[in-house]
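Input: a single structure, listed below in structure tokens.
Nothing in this text is a laboratory measurement; each read-out follows from the coordinates by a stated rule. Keep in mind that what you see is a predicted model, and the values were worked out from it rather than measured. Every residue, glycine among them, receives a Cβ derived from its backbone with ideal geometry; neighbour counts consider all protein chains shown.
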Amino acid sequence: MLLQPPPPRLVEGGRVVTFGMFAGAVPDPNLADHRPWGPVSAMRLKRWQHLAVIHPEVALTFAVVDVGFLRLGWAQVIDRVRGERLQVERKSPWLDVRVAPRLDDERSWLRSRGLRIELHSHLDAQRHSAEIEAGPISARLVCHADAATPLEVCLPVGRGRAMWSHKVPLPVAGTLAWGDRRWTFDPTVTTGIFDIHQAHYPHRTWWKWGTFAGVD
């Protein structure tokens with residue numbers, strides 16, 4: 001399938017003007033400017049940033065999510081050797097949550113008692129960084145964004161509705177601790193899958209979705 005060059009913006013004049021699959025990042029994926037229902041459209045915009053980090057011995061996933069009427073997030077560690085996992089999550093309309101509207105030198109976060117996630121998207125500098133404090137879990141990560149070209153899509157999801165998504169596998173360096181367990185991430189063997197999303201989804205939405213990455 002032929003991928004298009006990314007446009008500078010997705011929305012002009014309050015309506016989506018560019019649908020497609022793009023070979024690279026859209027500088028301003030401004031679905032927040034899409035107003036299919038006027039001023040209430042902002043309350044129906046779903047946004048999240050999610051990272052899954054896969055290491056031979058451990059996996060870490062975390063997300064910051066704002067669905068308009070509700071804010072939530074989680075951090076989960078899976079010890080792949082012992083077969084154990086721990087997840088810390090928070091969910092509330094009043095959580096201190098921000099999902100960055102774009103990826104050039106922007107910050108996303110979830111800040112609450114017992115769970116703190118800080119994401120610095122710095123695509124212009126070819127890296128993303130993250131800090132997580134979740135009960136006994138702590139992590140410091142750097143994702144090398146110069147290793148792969150992201151795939152981005154902007155697709156219709158119903159009349160007057162659109163979604164945008166950015167997906168890319170990235171080498172990850174850093175450290176992870178779970179209590180007295182410690183892991184050091186070598187970017188030659190540790191892969192992160194970055195999933196960033198904005199959408200005005202219908203009230204009832206479902207999909208079958210899988211993302212995977214490997215090293216050739």
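Laid out as a table, the results:
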item	result
FRET efficiency, 1/(1 + (r/R0)^6) with R0 22 Å, evaluated for E118 and D79 via beta carbons	0.40
Two-decimal Rg to Rh for the stretch 49-105 - Kirkwood Rh, Cα set	1.08
At R0 = 30 Å, FRET efficiency that the Cβ-Cβ distance of T188 and E131 yields, to 0.05	0.85
Protection-proxy order for peptides 69-80, 174-185, each taking the mean of Cβ atoms within 10 Å per residue, highest first	69-80, 174-185
Spin-label zone in the stretch 118-158 - amide nitrogen under 19 Å from a point set 7 Å from the Cα of M21 along the C-beta vector	148-158
Cα-based convex hull, the chain, per residue volume (Å³, whole number)	130
Estimated inter-spin distance, A213 and E57, nm [label 7 Å along Cα→Cβ]	2.2
